[in-house]
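A short write-up of the structure that comes next.
The values are calculated or read from the model by the stated rules, or taken from the named source; none is laboratory data. Predicted model only: the values in this text are computed from it and were never measured. Note: ideal-geometry Cβ built from the backbone for every residue, glycine included; neighbour counts use all protein chains shown. Side chains are part of the model used for accessible areas, which takes the heavy atoms of the whole protein and leaves out ligands, DNA and RNA. Shrake-Rupley method; radii C 1.70, N 1.55, O 1.52, S 1.80 Å.
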Amino acid sequence: MSMSDPLGDMLTRIRNAQHARMTSCTAPASNLRANVLEVLKREGFIRGYAREEVRAGVAQLRIELKYNEGQPVIKEISRVSRPGRRVYSKIKELPRVYNGLGVSILSTPRGVMSDVEARAANVGGEVLCRVF
C-alpha cells in the first residue's frame, strides 16, 4: 500500500520512539527525509542518522535519538504542510516557534533549512514541520 505522507510517517516514528524511550528508530530513506534529519541534527534535536542498505535498491535511515537527563530533547514535533493542505510562508510572515526556542523546517528554493537559516538567507518556502 502506498503512503500518502512519507515525511509525516517519519515524524510520527520519531515521536513514538521518543515516547517509548528508544535509543534509535528507522524510517524508509528518501532525499527529503535525509535533508530534514540533517536540519534536526544541526539544530541539536537528534544525535545523528545513517543511511543503511537493506537490499539492492532499498535503503533505511537509522535515526539516533537524543535525551537530556532521561527526558527527550524533542518535546513536540508536528507536521505543518500536509498533502491535503500545503502551507507556504513568506520570510516576513514566518512565525517564531515558542519565541525562538523551537524550529520550523522549510523547503525553500535553496534547499531544506531551518527558519533561522531561511531568515539569514532571506528566502521563504513551504513550512514542512515544527519542532520544539
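Over the chain, accessible surface divided per residue gives 58 Å², non-protein components excluded, 1.4 Å probe.
When +1 charges are put on Lys and Arg Cβ atoms and -1 charges on Asp and Glu Cβ atoms, the dipole computed for the chain relative to its Cα centre reaches about 180 debye. Show log10 I(q)/I(0) for the chain at q = 0.10, 0.11 Å⁻¹, two decimals, from a solvent-free Debye sum over equal Cα scatterers. Debye output, listed in q order: -0.32, -0.38. Size descriptors for region 58-98: radius of gyration and Dmax over Cα atoms are 15.4, 40 Å. As a length-normalised measure over Cα pairs under 8 Å and 6 or more apart, the relative contact order of the chain settles at 23 percent.
Expressed as a whole percent, the accessible surface of region 20-104 that belongs to carbon and sulfur atoms is 46, based on a 1.4 Å probe. Under 21 Å from the Cα of LYS75, which lysines turn up, not counting those fewer than eight places away in the same chain? Result set, ordered by chain and number: LYS41, LYS66.
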